[in-house]
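Just below is one structure, and these are the notes that go with it.
The values are calculated or read from the model by the stated rules, or taken from the named source; none is laboratory data. It should be emphasised that the depicted structure is a prediction, and the values quoted were computed from it without experimental measurement. For neighbour counting, all protein chains shown are included, and Cβ atoms are generated from backbone atoms with ideal geometry for every residue, glycine included. To get the accessible areas, we keep the full protein, side chains included, count just its heavy atoms, and leave off ligands, DNA and RNA. Shrake-Rupley method; radii C 1.70, N 1.55, O 1.52, S 1.80 Å.
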Amino acid sequence: MKLLVYYLIFPGFVFASIIGLLSTWFDRKVSARIQWRQGPPWYQGFADIGKLLYKEVIVPKEANRSGFVLAPLFGLAAVTLAVTILGVNTRASFVGDMIVVWYLFAIPAIALIYVGSASGNPLSSVGVSREIKLFLSYDLPMVILIVMVFMKVGGFSIQAITEWQQINGPIIKHWYGVIGFIIAIFCIQAKLGRVPFDLPEAETELGSGILMELSGAVLAVYELTKAIALFGLPFFLIILFWGGISSGIGIIWAILKYLLILVLLILIKNTNPRVRIDQAMKYFWGWMTGGAIIAGILAYMGV
Amino acid sequence: MKRTIVPIGPYHPLLEEPEHFKLYVEGERVVDVDVEIGYNHRGIEKLAEGKTWDQVPFLVERICGICSTSHPLAYCLAVEDLVDCKVPERAALIRVVIAELERIHSHLLWVGLAGHFIGYNTVWMWAWKYREAILEICEKLTGNRNHYAMIKPGGVRRDLNDEQIEYALKRIGELAAPTNMLIGAVSDDPVMGKRLRGVGVLPYEDAVLYSALGPTSRGSGVPWDTRKDESLAGYKDLDWKVIVQQDGDVFAKAVVRLLECLESVSLIGQALTRMEEGPIDAEITEVPPGEGCGRYEAPRGEVFHYVRSDGSNMPYRVKVRAPTFNNLPTFKVSCKGETIADVALITASIDPCYCCTERVGVVDRNGNEKTLREKALVRLSVEKTKEIIKKMGRIPTLYEKGI
């Protein structure tokens with residue numbers, strides 16, 4: 001029962017959606033100010049979801065109806081679970097595992113691949129192939145980084161990582177932590193599907209590509225998933241590299257850290273053009289993986 | 001590998017206007033392109049035959065919202081060629097000012113759109129912010145932010161007073177710095193360079209063969225510029241050069257456009273300072289029978305107008321050829337072997353203006369296509385009218401025709 005409350009209310013679905021949607025507003029507002037525009041009011045994210053919810057859901061002829069509608073829901077359930085694990089673990093002794101959390105965050109991408117290929121649209125199928133390639137590219141450096149943290153800490157669980165950092169200071173204080181953090185920021189940017197890695201959607205190339213056939217409530221679920229991921233993934237980074245979340249004054253620190261990561265993500269989004277998929281793969285498998293391996297070696301040497 | 005057809009258009013977020021590109025794709029790689037035009041025919045040439053010589057500039061101005069000075073200018077040059085009159089110097093300089101303002105605003109618009117097409121919305125918004133200054137100058141000089149209605153056969157419609165000239169000189173001087181910043185932003189950004197350099201190369205030979213025009217050809221090293229080649233009145237005494245880049249890729253075209261902006265800034269400055277008091281209109285009173293051609297370098301390339309007169313107060317025929325008509329087929333060369341991601345950018349790189357290009361194409365049920373010419377169109381319309389009269393027993397009213 002308690003777990004259900006965690007999952008549905010705090011820090012799960014309701015709380016994460018609200019913060020996530022506010023974060024999307026923050027994202028849009030800051031982007032707008034960078035671009036000399038006015039930007040939307042704070043409730044824009046909620047209004048968008050509300051509008052989409054009462055629009056008609058159109059399922060393409062070729063698609064399997066239940067699968068087409070349910071797949072995005074699986075994605076939403078997965079990210080909510082991931083956020084719950086991240087949030088609860090700092091206050092209760094729940095055995096959470098960073099690898100599990102990272103792959104829970106992967107489920108929306110897989111759901112999207114399913115939906116995109118089910119829709120039978122040529123532009124969607126190009127988007128699907130890009131999503132798969134992108135997923136494979138950013139996953140490798142990120143997993144290396146998680147292994148690096150494991151090497152240092154000796155455990156995958158959030159509890160272990162937080163405790164180790166409370167004793168030895170946050171990982172980001174060391175050089176390997178800084179390198180790892182920068183690489184992880186780019187991986188998260190790609191995972192969230194934001195410019196410069198918004199290839200699967202690529203509005204001006206594919207006309208929303210992989211999302212093309214999504215409509216109404218299904219699209220709303222997808223948007224909500226993305227908003228919750230925008231809330232969850234930065235906290236994933238904070239726990240992994242930046243000392244985690246402690247109670248009391250720590251909450252304020254956590255919020256400040258979250259905002260800083262969010263601003264970094266927004267700046268990357270607004271100062272880069274979209275890369276091509278081959279460039280993205282080269283980038284992640286070359287520079288980023290190389291950097292992650294170097295960080296790992298540095299961590300092993302203890303620099 | 002299996003070939004699939006990825007359609008871009010006729011309605012697509014990339015295109016502001018309806019146009020259909022069929023990309024034959026193997027994986028992400030484009031192996032061939034088909035361009036289909038003909039979605040937006042507006043019958044401007046026919047309409048022009050029903051307007052007086054002085055009214056036509058207002059009509060051809062509306063061929064394109066962006067080249068809204070180039071088209072009337074080319075038309076007026078054609079009429080002046082027909083009646084063989086010389087435009088007063090002040091009028092020629094005012095034409096230079098307005099036309100070059102238009103060039104800057106068109107190029108900045110393109111830079112913004114190109115940024116948007118590669119997902120770089122910050123460049124889009126910033127370029128359009130600086131473009132706003134141009135629109136304000138235009139409003140101050142002509143009363144309109146767009147569709148300036150300044151050009152008329154024989155001269156210009158309105159004179160500029162000292163206050164306007166001073167204002168324009170001040171504002172135009174402020175524009176060089178942001179343009180240089182944009183040039184820096186495009187050429188120094190490594191990610192931007194990766195997206196633009198070596199993409200969609202149009203070699204020199206192909207640019208000549210397809211007779212590409214404007215920045216599309218100048219980006220491939222072909223130094224064609226009607227303003228220079230024709231030594232147009234107004235331009236020939238000013239100090240400026242034709243911008244040429246050798247690489248032929250999207251990056252070269254972007255650089256050509258941005259450097260042309262700087263060149264235009266200097267042209268406007270020179271024209272405004274050189275301006276001396278004098279008449280602004282050669283006052284054409286009569287158009288004798290005959291024909292004339294007008295060529296002018298629009299922001300997208302050479303725009304060509306042909307007029308024929310039978311001695312009445314209306315043109316007998318007006319023919320328009322917009323630059324995009326020549327530039328579209330170059331996709332056959334520049335898109336081959338590129339990825340879908342780049343095709344979006346390459347199609348944008350010629351700064352296409354589809355409505356200006358449209359001609360009528362007819363496809364019958366078996367898929368045979370042909371393009372209709374004037375005579376065939378007239379014949380078709382006569383036949384249709386006869387058919388309707390036969391069916392109804394009388395001439396239909398405008399309402400019944402659905403007009």
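The table that follows gives values for the structure above.
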item: Chain B - percent of accessible surface contributed by carbon and sulfur, probe 1.4 Å; result: 53 percent
item: Carbon + sulfur, % of accessible area of region A:2-301 - ligands and nucleic acids excluded, 1.4 Å; result: 71 percent
item: Per residue solvent-accessible surface (Å²) - the protein assembly as shown, probe of 1.4 Å; result: 43 Å²
item: Low-density loop positions, trypsin sites (Lys or Arg not before Pro), region A:20-78 - DSSP coil, at most 16 other Cβ in 10 Å; result: A:Arg37, A:Lys55, A:Lys61
item: Complex-versus-alone comparison for region A:202-246, residues with a loss of 50 Å² or more in accessible area, probe 1.4 Å; result: A:Thr204, A:Glu205
item: Test item: B:112-120 mean partner chain Cβ contacts at 10 Å; result: 5
item: Accessible-area ranking of A:Leu22, B:Leu258, largest first, probe 1.4 Å; result: A:Leu22, B:Leu258
item: A:Met301, B:Met150, B:Met314, ranked by accessible area, largest first (probe 1.4 Å); result: A:Met301, B:Met314, B:Met150
item: Using alpha-carbon coordinates, inclination of helix A:65-89 to the longest axis of chain A, degrees; result: 20 degrees
item: Other protein chain Cβ atoms within 10 Å, averaged over every residue that makes up A:266-277; result: 6
item: Inverse mean reciprocal Cα-Cα distance (Kirkwood Rh) of region B:1-118, Å; result: 17.7 Å
item: For the protein assembly as shown, calculated [θ]222 nm from helices alone, where every DSSP H run of n ≥ 4 adds -39500 (n - 2.57); result: -18000 deg cm²/dmol
item: Degrees between helix A:249-270 axis and first principal axis of chain A (Cα, 0 to 90, nearest 10); result: 50 degrees
item: Equivalent ellipsoid dimensions for the protein assembly as shown as semi-axes, Å, which come from the Cα gyration tensor, largest first; result: 56, 30, 22
item: Cβ-defined net charge surrounding B:Tyr296, 9 Å radius [Lys, Arg +1; Asp, Glu -1]; result: -1
item: Percent of C-alpha pairs per 20 Å bin, chain B, short to long; result: 26, 54, 19, 1
item: 1.4 Å probe, heavy atoms, protein only - residues of region B:191-214 losing at least 30 Å² accessible area vs chain alone; result: B:Val191, B:Lys194, B:Arg195
item: Whole-Hz couplings from phi, Karplus 6.51/-1.76/1.60, listed for region A:115-128; x for Gly and Pro; result: 4, x, 6, 6, 6, x, 9, x, 5, 4, 5, 5, x, 4
item: Rg and Dmax of region A:2-301, Cα atoms only, in Å; result: 18.8, 58
item: Karplus-derived 3J(HN,Hα), 6.51/-1.76/1.60, for each residue of region A:279-286, Hz, glycine and proline x; result: 5, 4, 5, 4, 4, 6, 7, x
item: Per-residue SASA entry for B:Thr330, accessible area with 1.4 Å probe, Å² rounded to 10; result: 0 Å²
item: Charge tally in the Cβ shell below 15 Å around A:Phe186, where Lys, Arg are +1 and Asp, Glu are -1, A:Phe186 excluded; result: +3
item: Occluded residues from region A:4-39, i.e. those whose accessible area drops by 20 Å² or more once the chain is not alone (1.4 Å probe); result: A:Ile34, A:Gln35, A:Trp36, A:Arg37
item: Cα centroid separation, region B:222-278 to region A:230-282 (Å); result: 47 Å
item: Axial C-alpha extent at least 30 Å, average Kyte-Doolittle at least 0.0 - helices from chain B (DSSP); result: B:89-117, B:250-274
item: Largest-first principal axis extents, alpha carbons of region B:115-201, Å; result: 47, 27, 19
item: For B:Arg379, solvent-accessible area (1.4 Å; no DNA, RNA or ligand), Å²; result: 140 Å²
item: Long-range amide H partners of B:Val287 with built H, under 5 Å; result: none
item: Accessible area buried between chains A and B, both sides summed, probe 1.4 Å, in Å² to nearest 100; result: 2300 Å²
item: Surrounding net charge for A:Thr204, when Lys and Arg each add one and Asp and Glu each subtract one, Cβ distance under 11 Å; result: -3
item: Per-residue SASA entry for A:Trp42, accessible area with 1.4 Å probe, Å² rounded to 10; result: 150 Å²
